[in-house]
Structure formats: structure tokens, C-alpha cells
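One structure is given below, encoded as C-alpha cells.
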Amino acid sequence: MRLTKFVVTTWMVLGILGPLNAQVKIGYANINAILALMPETQEMNKQLQELEPKVYEKVQIKQNYAQTKYQEYLELSEDPNANQEQLKALEAELQRLQGEIQQEQSKAQQQMAIKQQELMEPITEKIQASIKKIAEAGGYTYILNTVDGSGASIILHAPEEHNLTEKILNDLGVEIPEELKTSSN
């Protein structure tokens, strides 16, 4: 009975302490900086800038038309002999146009967001593949991003030797400007 208790206790202690002995190695990288320096991201931004006027063309046409109707309304409203039915009809048309413009703007923004996501996917996959490669080669259990989506720092202090930003950039074949290079990597 005592031997059984001893064996069970030993197994429990080893089961609990075993994972504690496993080494956890954490690295970090500034993904925003990596994205900013990648030529693929710069090409994506160029494509989005070229696409934007085309996507917003309908919005601009409707805005111009609404502006013309608004001028018509102003001129008619200043006329003391203006037909009130015409004024009401123009007001209704302006309200309808405003709704259409908002709808078109929303569609255009959605189109741009979808295109950006479509163009960004291969870029993020490339970065993720590089991170995985460097993590495996360096024995890293985790690699964290130094900033969140809003740009706020997540990692407030960490040893510089675990900053993998330059290694990832080098792996991606991205040239690092001299002012951004650190001496440790």
C-alpha cells in the first residue's frame, strides 16, 4: 500500500514538474515596421491609390449632381415668386440624393477594404512563413508583435537579443535602412 502511494505520488510530482522544466523562449518583432519596409506593401499601397479614384467615381458623380440640384434649390428659394411645390420636390430629391451618396460611399469603402484584404493576404502569409522559419531555427516557442493594431506598445521591456525584426526582414530579403539597424542582430 505504501509502495503504491509512493509510486502514485512520484508520478504526480513528475507530471507536474515535467512541464515546468520545459524551456520557453519568447521572441518579438515589430510587424508594422516589417510591413512598412516590404516592397510588396508599397506595391499594394500603389495599387490601392490607383484604384481609389475609380471606386469613388460614382460617388463623385452623385455629389456633383447633388451640388447642382442644391444650387437650383438655393436659387429657387431666393425667388419670392417660387413655387412651393417645386421647392418641396427639390428638398425631397436632395434628401434622396444624400441617402444615395452615403450608400455609394459605403459601397466604395467596402470595395476598397475587400481589395486591401485581398492584396494583403499573400504579404501576411509571406511574413508568417518567415516568422515560423525563424522561430523553428532559433528554438522560439512564441514570437509576439511589439505593437497592437492601434500602434500601442504591447512589449514594454525585453532583451534586445530576442528582437527578431531584422532577422525577419533579412529572411524576406528586405533591405533595412541604416538608421533602423541595431547592432545586436
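When residue 115 is tested against (1) surrounded by 14 or more Cβ atoms within 10 Å (Cβ to Cβ); (2) of a type in the set (D, E, K, R); (3) modelled with pLDDT under 95, exactly one condition is not met: (3).
Could you say which residue among 121, 179 is modelled with pLDDT of 95 or more, among the acidic types (Asp, Glu), at negative phi and surrounded by fewer than 16 Cβ atoms within 10 Å (Cβ to Cβ)?
Numbers: 179 fails: modelled with pLDDT of 95 or more.
Selected residue: 121, the only one of 121, 179 that is modelled with pLDDT of 95 or more, among the acidic types (Asp, Glu), at negative phi and surrounded by fewer than 16 Cβ atoms within 10 Å (Cβ to Cβ).
Residue 112 - would you say it is under 30 Å from residue 142 (Cβ atoms) and not β-branched (Val, Ile, Thr)?
No, not satisfied.
Looking at residue 85, is it of a type in the set (Asp, Glu) and within 21 Å of residue 111 (Cβ to Cβ)? Considered against the rule, which asks whether it is of a type in the set (Asp, Glu) and within 21 Å of residue 111 (Cβ to Cβ), residue 85 comes out as no. When segment 28-61 is limited to residues that are among the hydroxyl-bearing types (Ser, Thr, Tyr) and either in contact with a Lys or Arg (Cβ under 6 Å, 6 or more places away or on another chain) or not in a helix (DSSP H, G or I) (or both), the one that is nearest to residue 171 (Cα to Cα) turns out to be 28.
Any chance segment 134-144 includes a residue that's under 30 Å from residue 55 (Cβ atoms), at pLDDT 95 or above, in a helix (DSSP H, G or I) and of a type outside the set (A, V, I, L, M)?
Initially, segment 134-144 is screened for residues under 30 Å from residue 55 (Cβ atoms), giving none.
No; the residues of segment 134-144 include none that is under 30 Å from residue 55 (Cβ atoms), at pLDDT 95 or above, in a helix (DSSP H, G or I) and of a type outside the set (A, V, I, L, M).
Candidates in segment 145-185 are the residues that are part of a loop (DSSP other than H, G, I, E, B), of a type in the set (Val, Ile, Thr) and in contact with a strand residue (DSSP E or B) (Cβ under 9 Å, 6 or more places away or on another chain); of these, the one that is nearest to residue 36 (Cα to Cα) is 146. Considering each residue of segment 100-112 in turn, at least one proves to be without any contact (Cβ under 8 Å) to a residue 24 or more places away in the chain and either crowded, with 16+ Cβ neighbours inside 10 Å or over 21 Å from the mean Cα position of the chain (by Cα) (or both).
Would you confirm whether or not segment 81-89 contains a residue that is exposed (fewer than 10 other Cβ atoms within 10 Å of the Cβ), outside any helix (DSSP H, G or I) and either touching a strand residue (DSSP E or B) at 6+ places or on another chain (Cβ under 7 Å) or at pLDDT below 95 (or both)? Spell out the reasoning first.
Of segment 81-89, the ones exposed (fewer than 10 other Cβ atoms within 10 Å of the Cβ) are 81, 84-85.
Remaining after also requiring outside any helix (DSSP H, G or I): 81.
Still in the list and also either touching a strand residue (DSSP E or B) at 6+ places or on another chain (Cβ under 7 Å) or at pLDDT below 95 (or both): 81.
Among the residues of segment 81-89, at least one is exposed (fewer than 10 other Cβ atoms within 10 Å of the Cβ), outside any helix (DSSP H, G or I) and either touching a strand residue (DSSP E or B) at 6+ places or on another chain (Cβ under 7 Å) or at pLDDT below 95 (or both), which makes the answer yes.
Would you mind finding the one in 129, 158, 152 that is within 21 Å of the chain's Cα centre (by Cα), over 26 Å from residue 47 (Cβ atoms) and surrounded by fewer than 15 Cβ atoms within 10 Å (Cβ to Cβ)? Write out each step before concluding.
Details: 129 fails: over 26 Å from residue 47 (Cβ atoms); 158 fails: within 21 Å of the chain's Cα centre (by Cα).
Result: 152 is the single residue among 129, 158, 152 that is within 21 Å of the chain's Cα centre (by Cα), over 26 Å from residue 47 (Cβ atoms) and surrounded by fewer than 15 Cβ atoms within 10 Å (Cβ to Cβ).
Output yes when any residue across segment 22-44 is out of contact with any helix residue (DSSP H, G or I) (no Cβ under 9 Å at 6 or more places or on another chain), free of Cβ contacts under 8 Å to residues at least 24 places away in the same chain, surrounded by 11 or more Cβ atoms within 10 Å (Cβ to Cβ) and among the aliphatic types (A, V, I, L, M), and no when none is. Looking for residues that are out of contact with any helix residue (DSSP H, G or I) (no Cβ under 9 Å at 6 or more places or on another chain), free of Cβ contacts under 8 Å to residues at least 24 places away in the same chain, surrounded by 11 or more Cβ atoms within 10 Å (Cβ to Cβ) and among the aliphatic types (A, V, I, L, M), one finds none in segment 22-44, hence no.
The values are calculated or read from the model by the stated rules, or taken from the named source; none is laboratory data. Computed from a predicted model, the values in this text were never measured in an experiment. All Cβ positions, even for glycine, are placed from backbone atoms using ideal geometry, and neighbour counts span all protein chains on display.
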